[in-house]
Every structure is written in C-alpha cells, then in structure tokens.
1. Determine which single condition GLN18 fails, assuming it passes every other condition in (1) surrounded by fewer than 15 Cβ atoms within 10 Å (Cβ to Cβ); (2) closer than 30 Å to LYS94 by Cα.
2. In the range 27-55, how many are closer than 19 Å to LYS97 by Cα and assigned to a loop (DSSP other than H, G, I, E, B)?
3. How many of the residues in the range 61-107 are out of contact with any helix residue (DSSP H, G or I) (no Cβ under 6 Å at 6 or more places or on another chain) and part of a loop (DSSP other than H, G, I, E, B)?
4. Which one is surrounded by the fewest Cβ atoms within 10 Å (Cβ to Cβ), of the residues in the range 51-88 that are of a type in the set (A, V, I, L, M, F, W, C) and either at pLDDT 95 or above or over 15 Å from LEU41 (Cβ atoms) (or both)?
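The values are calculated or read from the model by the stated rules, or taken from the named source; none is laboratory data. Please read these numbers as outputs of a predicted model, since none were measured by experiment. Note that each Cβ is placed from the backbone with ideal geometry, even for glycine, and that neighbours are counted across all protein chains shown.
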Amino acid sequence: MSTTDDHYDVLWPRSPRQARRKTPALAPRLDTLNGKVIAELWDYVFRGDEVYEELEDGLKARFPDVRFVSWREFGNIHGGNEREVVAALPQKFKELKVDAAIAAMAA
C-alpha cells in the first residue's frame, strides 16, 4: 500500500525458520594447495576433460607443488554404476592420499 510520501510497505517473503538444520561438521579448509593431492571427479557430461586441463594449468601456476589424480582414475560419478563409484570414493581417496576433491561439470 502506498503512502502519501512515496514510500511503500513491504513484507519479507520468508517465514522464520521452523526447523533446525542438522549439518554435519565440515572438514577444515586447506591453508594451501602446495604439496596437496587433488582428486578430479567428473560426470562425463559437458567438457570436463578440457576444463580440468585448464584448471590444472591455472592451479599449478599458483601452487607449483600441487598434484592431481585424474578423473580417469575414478570413472563416471553419474552413470549406471554411480552408487558403486561414489561409495568407493572414500577408500580410493585414502589409498591415493587425496587431500581434497573437485567435483565438477554440468551442462
């Protein structure tokens, strides 16, 4: 409703939060990528092969000692055997001494 001084009443469109969100504790952020191992995860959609190549080059320029585990090592994380691939990630990360992962690409 407009008032005579060209101001309008507004309402906040969100209601107060009714339920508490149960968020698991997040892993601490890495202080640097130097000396770290980064896993690349891809869903084989869009051009992840090209994007990861560019991403690696850019990150290596900033963090010369970073190392990558290619998306080829993990397989398609969004396909017919997606559940098995994703379920195997924690063990594979442990075996490969992965410090962080990039899960990327979308159309």
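1. (2)
2. 10
3. The qualifying residues number 14.
4. Step one: filter the range 51-88 for residues of a type in the set (A, V, I, L, M, F, W, C), giving 51, 55, 59, 61, 63, 66, 68-69, 71, 74, 77, 85-88.
Adding the requirement that they be either at pLDDT 95 or above or over 15 Å from LEU41 (Cβ atoms) (or both) leaves 59, 61, 63, 66, 68-69.
Details: LEU59: 16, ALA61: 9, PHE63: 15, VAL66: 19, PHE68: 18, VAL69: 18.
The selected residue is ALA61.
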